Amino acid sequence: MAQRKVCVKVPASTANLGPGFDVLGMALNLYAWIEMSTAEQTKIELVGDQLTGIPTDKTNLIYTVAQQVFDKAGVSIPELHIAMYSEIPLTRGLGSSASAIVGALLAANALVDHALDKQTLFEMATAIETHPDNVGASLYGGIVVTHWDGERAQVLRIEPPKQLEVLVAVPDFQLSTEKAREVLPHLFSMQETVNNIGYSSLLVAALAGGHLQMIRHAMKDGLHQPFRSGLIPGMTKILREATEHGALGVALSGAGPTLLALVDRASHQKQQLEQFLLDTLRSEGVNAALHWLEPDLQGAHELTGYDQNSTLFANIQHEVRK
Ligand code: HSE
């Protein structure tokens with residue numbers, strides 16, 4: 001068993017990509033870092049504004065997820081030192097809880113000398129999160145196509161097209177996934193189902209083949225977005241009109257409230273798109289922060305060359321967003 005401190009870096013993620021409800025995901029270059037080591041007495045330190053309000057006792061998600069790894073690996077490590085720093089806004093649809101779960105699994109697995117393989121970690125993450133789209137993206141990086149039948153989880157990774165950039169508008173209010181799932185119907189007609197299979201399949205083919213102009217036709221959805229629009233003022237107009245202002249396609253990011261536009265890196269309409277998103281949200285009384293992001297290609301990984309004698313923040317300060 002490793003006595004050293006381990007540190008993992010985990011990307012944020014966007015789920016669904018419009019039509020791929022609970023199936024498609026993409027990793028994004030906002031990160032969470034989790035440091036973990038065995039200890040005499042459990043201590044959990046959360047660094048940075050994004051983590052305010054999260055418990056620091058043994059009910060902490062990272063602690064409880066780590067214990068699941070130890071149980072499965074057949075070892076007992078009841079006391080841990082955990083430190084976390086995150087750039088990922090909480091409860092906004094950018095996979096903050098998925099990144100914590102994936103980070104906890106990876107860090108704990110490193111402490112037990114990688115007793116569990118990646119597929120096992122993915123299945124554990126899926127069972128904890130209850131859908132595989134965010135955790136798959138955070139774990140594998142890139143774009144992921146996933147499926148979970150309640151027991152086994154599958155994932156295939158697609159390399160994102162190089163021309164793809166991402167603009168997110170993060171509203172200044174939180175929306176829990178639970179609330180955003182409560183508004184969804186449980187039954188759909190055959191025609192509605194076929195439509196979404198068509199959009200989702202077309203989107204996967206467009207992203208896998210780099211057919212950027214197809215994204216605007218494919219990034220549409222009838223399974224969740226129309227029902228969630230009442231929770232996010234301005235969303236309906238943004239979904240309807242963003243492609244006229246330079247987006248290749250636009251979707252609700254995960255369960256929201258963040259809105260996500262895919263953009264061609266070479267687009268001359270980037271400012272116009274920024275203005276459109278901000279104006280539309282503002283006209284509904286919603287303030288939002290815009291971030292230009294990139295797909296993360298690497299997925300969650302352990303940092304090498306970690307200075308064991310320094311703090312988490314001292315180790316990572318050269319790479320965090322200012
Ligand atoms: N696929 C999920 C949803 C992602 O849309 O509810 C949220 O975590």
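The values are calculated or read from the model by the stated rules, or taken from the named source; none is laboratory data. Source: prediction; values computed, not measured. Methodologically, a virtual Cβ is constructed for each residue, glycine included, from the backbone with ideal geometry; neighbour enumeration extends over all protein chains shown.
Any residue at all in the stretch 279-290 that is within 16 Å of the ligand (Cβ to nearest atom) and in contact with a helix residue (DSSP H, G or I) (Cβ under 6 Å, 6 or more places away or on another chain)? Walk me through how you get there before you give the answer.
Initially, the stretch 279-290 is screened for residues within 16 Å of the ligand (Cβ to nearest atom), giving none.
So far as the stretch 279-290 goes, no, none of its residues is within 16 Å of the ligand (Cβ to nearest atom) and in contact with a helix residue (DSSP H, G or I) (Cβ under 6 Å, 6 or more places away or on another chain).
Conditions tested, residue by residue: (1) of a type in the set (D, E, K, R); (2) in contact with a Cys (Cβ under 8 Å, 6 or more places away or on another chain).
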site: GLU40; (1), (2): yes, no
site: ILE44; (1), (2): no, no
site: PRO55; (1), (2): no, no
site: VAL69; (1), (2): no, no
site: SER76; (1), (2): no, no
site: ALA107; (1), (2): no, yes
site: LEU116; (1), (2): no, no
site: THR120; (1), (2): no, no
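Taking ALA247 as meeting all but one of (1) under 27 Å from LEU46 (Cβ atoms); (2) at pLDDT 95 or above; (3) crowded, with 19+ Cβ neighbours inside 10 Å, write down the number of the exception.
Condition (1) is where ALA247 drops out.
Just checking: which of the strands (runs of 3 or more DSSP E) contained wholly in the stretch 1-49 hold 3 or more residues that are modelled with pLDDT of 95 or more and more than 16 Å from the ligand (Cβ to nearest atom)? Even if it seems obvious, please write down each step before you answer.
On the way: elements: 6-15, 24-38, 43-47.
In the stretch 1-49, 6-15, 24-38 are the strands (runs of 3 or more DSSP E) which contain 3 or more residues that are modelled with pLDDT of 95 or more and more than 16 Å from the ligand (Cβ to nearest atom).
Does LYS43 satisfy the criteria of being under 25 Å from the mean Cα position of the chain (by Cα), over 23 Å from PRO295 (Cα atoms) and among the basic types (Lys, Arg)?
Values: under 25 Å from the mean Cα position of the chain (by Cα): no; over 23 Å from PRO295 (Cα atoms): yes; among the basic types (Lys, Arg): yes.
The answer is no for LYS43.
Would you mention how many residues in the stretch 67-96 are polar (S, T, N, Q) and in contact (Cβ under 8 Å) with a residue 60 or more places away in the chain?
Our first condition is that a residue be polar (S, T, N, Q); within the stretch 67-96, this holds for 67-68, 76, 86, 91, 96.
If we keep only those that are in contact (Cβ under 8 Å) with a residue 60 or more places away in the chain too, we end up with 68, 91, 96.
Qualifying residue count for the region: 3.
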